[in-house]
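Heads up: the structure comes next, in structure tokens.
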Amino acid sequence: MNDDVRNIVLGLIAAAISASCGWLARTYLWRRKLRRKQAFFGLPANSESLFVVNRDSATADVAVHRFDVFALLELSALIKDCGAHLRMVTQDTAQQGFGERTEFCVGGPASNRRMLAHMATMLPGVRVNTDAEPGPDRAAFQVGGEHYRMEPGVTEYVLLARLSAGRQTRPVFLFCGQRAITNQAATRYLARNHERLGRKHGAGSFVLLLKVVNSQAYGPDLVEVVADVTRAAQTPLPAEPTPPAAAAAPAAPAAAPEATETPAEQGRRPAPRSRRGSNTGS
């Protein structure tokens, strides 16, 4: 074997070793990224997740709102990457506890009883105005001492929460928006930023308040983070003050005591005169 052949063989061997090292490094990084994603979503391989949605109130049939379907599509790729399975149920049929499987719950408490139960149990510092009458406070959020009103199509808010009862339980993801399109905006934000959220919060709980800007022009794409409201959302709100009781009616004035006379005063009192009729004798 001359020098040229030896150099060619050594070059091929070096290239093969470099390619193998590169492939092993990429595989290691890919597997580490996958494990982090699975840990963040609580979705190990071949596990089952639950997607709880509203029923579309515009129809009497069992139908799902189109924005909830879009939200499902935002998350389906992530769930598939984790090697997990998804089961979709409506809010009136999801009668089970939480923690056994990862749950994605979409919709406000006015139309999703499952969301109402989760918020009452795990987010006692959040109140949502569920009054159906139109007004400036319709669907408004109260988080701690702050209030957030919506301007439909211009400024709308949505809560994105990852809640877990402990290290050994699967998380619950809540997407509670003031309008249906904000729920899709929250799922899209989670799909795009789950790696950063995983690095920041790990496997712990967090609650983010997001603002959807000008959804009538940009749809669910333009989302801003208003604040991390985890502590305020998990701290119970103070009890509302009870209205003061009606003032008691003023008591009637006490009757003046009757005057009593002593025996001496009774003796000095003049006797009453008797009136005699005038009689004329015949």
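The values are calculated or read from the model by the stated rules, or taken from the named source; none is laboratory data. For clarity, every value in this text was computed on a predicted model and none was experimentally measured. Heads up, the Cβs are rebuilt from the backbone with ideal geometry, glycines too, and the neighbour counts pull from every protein chain shown. Surface accessibility is based on the protein's heavy atoms, side chains included, excluding ligands, DNA and RNA. Shrake-Rupley method; radii C 1.70, N 1.55, O 1.52, S 1.80 Å.
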Exercise for review: Using label points projected 7 Å from each Cα along Cα→Cβ, tell me how many nm separate residue 39 and residue 130, to one decimal.
Suggested key: 3.7 nm
Practice item. Can you tell me the order of 38-47, 142-151, 14-23 when each peptide is scored by its average per-residue count of other Cβ atoms within 10 angstrom, highest first? Key: 38-47, 142-151, 14-23
Check your understanding: Quick one: if you stick a label point 7 Å off each Cα along the C-beta vector at residue 235 and residue 17, how many nm between them?
Key -> 6.0 nm
Revision key, fill the gap. Taking N as the residue count of the stretch 108-216, its alpha carbon Rg divided by 2.2 N^0.38 Å gives 1.07
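Tally Lys and Arg at +1 and Asp and Glu at -1 over the other residues with C-beta under 15 Å from the C-beta of residue 149: what net charge comes out? Could the numbers behind the result be given before it?
Details: positive: 127, 138, 179, 211; negative: 131, 133, 137, 146, 151, 156.
Result for the neighbourhood of residue 149: -2.
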Practice item. Can you tell me how much longer the chain between residue 7 and residue 192 gets when fully stretched, taken as 0.36 nm per residue apart minus their C-alpha distance, in nm with one decimal? Key: 61.8 nm
Review point. For the stretch 70-166, what is the convex hull volume of the alpha-carbon atoms per residue, in Å³?
Key: 133 Å³
Point to revise | Rounded accessible area per residue of the stretch 51-165, 1.4 Å, Å² | key: 50 Å²
